[in-house]
Amino acid sequence: MKWIKKLFGKKEDSSEERGLKEINFKDLPSWLDAVSQKISSRVEKDVSGLVKELEVSLLALKESNSRLAEAKVEGDFDIRAVKRAKSNRENVTKQVATLTDKIRVQDSRDFKSLESFYGASTQSLNTCLEHMNQSFRYTRGVFPEESKEVSESLASLGKVFNELGEVIRVNKKEMDAIEAAHSNMNKVQGLSASIAAEEMELESRNRRVQALKAETSKASQALEDFRKGPVWQSLQNLQAELNASREKLRKAETGLSSLVLPFSGHLSRIKKLHESGRYTLKPEVKKQLDICLEAPVHVNPSFFPELQIIFEDNALDMQTQKKEKALLQVKSAISNFPERKKEYLEALKGFEAKKSELESSNTGKLVELEHKEAELLSRVCSLEEDIEDSEKKLTSLREELEHQKKKLLSNLSLIDSDLRVNFPSPVSEGQHEFS
């Protein structure tokens, strides 16, 4: 069946003058439609005769297939050969009948319809040949004349399809280029619109960021002026005094705690003895002991004489040397704690007074100015990031636009190599010409 695969004849591409050599981008759709219509008319003219030949070939194939199906065995053949030939004849006629049913000549003569028809029909033809090829060898031996007619009809049909395929091949390059050019144009238009919109947005953002920077500069100047004024200096002085009083309070608290720290370990042990029932503390003494361990500055000075009694109590199981040392430390606390507590309370009072004075000062203006400056700086930063993103996006869009324009020009050159296209501003200035 190799004869089915051969091409019959070759048609050279025709070179036509398009006439139009320069065109504006906006006029390309109508120009492409006109070229497409011209090619379609040419194709329709070229295939009109082939369609008639195709109808004749299909009818001849149906008739030869019917004769093969009805053919009688003539001659002296081995019964097994006849049986095998008849069985395979059924497959041959079935495949041919399926083929003729699938190939429906269409009224539409546009290029896409013809291309689709050609693809589907040749696929059906190849499938038919593939499925009947083996069977045809057996059928041909017993029904030679009828098989020859079917073979010739298939060859005739194959020749028509080869000629139709050549017409499609000759024009396909231009038709594909037209379709691709339409797609490129849509992308160019879409990208141009996106660029225009993004440029407007970028311009708007630049105006807004300049206005914000001017506003930020005024806010920063207002804050600087405020910090140079008497109110700010007064606040700074108060803050310095508060820091000094805080440091004085810290030292007083440290001095007070240092009286308790040396025997705090013994206090913890006494607490455990009380909790385990091995030593009993009076409720008030237990309360003051807990305070002394947690916050020595709040302990009542009367606790230390009570603590001295506890250390002197023989019921408290404690080494003599440690007990004597602890008693000395407690006596030191009894002597010095009241004075240091007084110093602490005075330092605390001074700190609270300065803190209250600072809090009651008019800091609202400062907070307002600082907040306004910070907010404006944040908005400027955010807008500058948006501007950077817009610039990157514009760069990407412009690169893609140039890429699509080149693809468009490349496809147009396949249709008319002398055509020049004028692209509109601001997408591109001037002309683009094929070389």
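Derivation of every value follows stated rules applied to the coordinates shown; laboratory data play no part. Keep in mind it's a predicted model, so treat the numbers as computed, not measured. Neighbour counts are summed over all protein chains in view; Cβ atoms, including those assigned to glycine, are modelled from backbone coordinates with ideal geometry.
Which value, in debye to the nearest 20, describes the size of the charge dipole of region 146-218 about its Cα centre when Lys and Arg Cβ atoms bear +1, Asp and Glu Cβ atoms bear -1, and nothing else is charged? Walk me through the numbers before you get to the answer.
Working: 11 positive and 13 negative charges, 153 e Å.
Charge dipole, region 146-218, about its Cα centre: 740 debye, nearest 20.
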Which of 50, 100, 35, positive extreme of dipole for the chain (C-beta unit charges) | 100
Given (i) 21.1, 63; (ii) 52.6, 147; (iii) 49.0, 160 as candidate values of Rg and Dmax of the Cα atoms in Å, which corresponds to the one derived from the coordinates?
-> (ii)
Along the dipole axis of the chain (charges at Cβ: +1 for Lys and Arg, -1 for Asp and Glu; origin at the Cα centre), the most positive-end residue among 221, 142, 403 is 142
Sites matching trypsin sites (Lys or Arg not before Pro) across region 253-331 that sit in DSSP coil, with at most 15 neighbouring C-beta atoms within 10 Å | 278
Which of 294, 70, 53 moves most in a GNM of the chain, Cα contacts under 10 Å?
-> 294
Expressed as a rounded percentage, what relative contact order does region 24-182 have, with Cα pairs under 8 Å and six or more residues apart?
-> 40 percent
Degrees, to the nearest 10: 144-228 long Cα axis against longest axis of the chain | 20 degrees
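Quick one: putting +1 on the C-beta of Lys and Arg, -1 on the C-beta of Asp and Glu, what dipole do you get for the chain around its Cα centre, in Debye to the nearest 20? Could the numbers behind the result be given before it?
On the way: 71 positive and 73 negative charges, 371 e Å.
Using Cβ point charges on Lys, Arg, Asp and Glu, the chain gives about 1780 debye.
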Relative contact order, percent, region 225-362 [alpha-carbon distance under 8 Å, six or more residues apart] | 39 percent
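Over every pair of different alpha-carbon atoms in region 386-426, take the mean of 1/r and invert it; report that Kirkwood radius in Å.
Details: mean 1/r = 0.0840 Å⁻¹.
Over region 386-426, the inverse of the mean reciprocal pair distance is 11.9 Å.
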Dipole of region 225-362 [Lys/Arg +1, Asp/Glu -1 at C-beta], most positive-end residue of 233, 338, 311 | 311
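What percentage of all Cα-Cα pairs in region 225-362 are separated by more than 23 Å?
On the way: 4437 of 9453 pairs.
More than 23 Å apart: 47 percent of the Cα pairs in region 225-362.
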Crossing angle, helix 364-415 versus the chain [Cα axis fit, 0-90 degrees, rounded to tens] = 10 degrees
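Over the chain, what is the relative contact order in whole percent, taking alpha-carbon pairs under 8 Å and six or more residues apart?
Working: 358 pairs, mean separation 108.2, N = 435.
Once normalised by length, the contact order is 25 percent.
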So, with +1 on the Cβ of K and R and -1 on the Cβ of D and E, and no other charges, what is the size of the charge dipole of region 152-309 about its Cα centre, to the nearest 20 debye?
-> 1320 debye
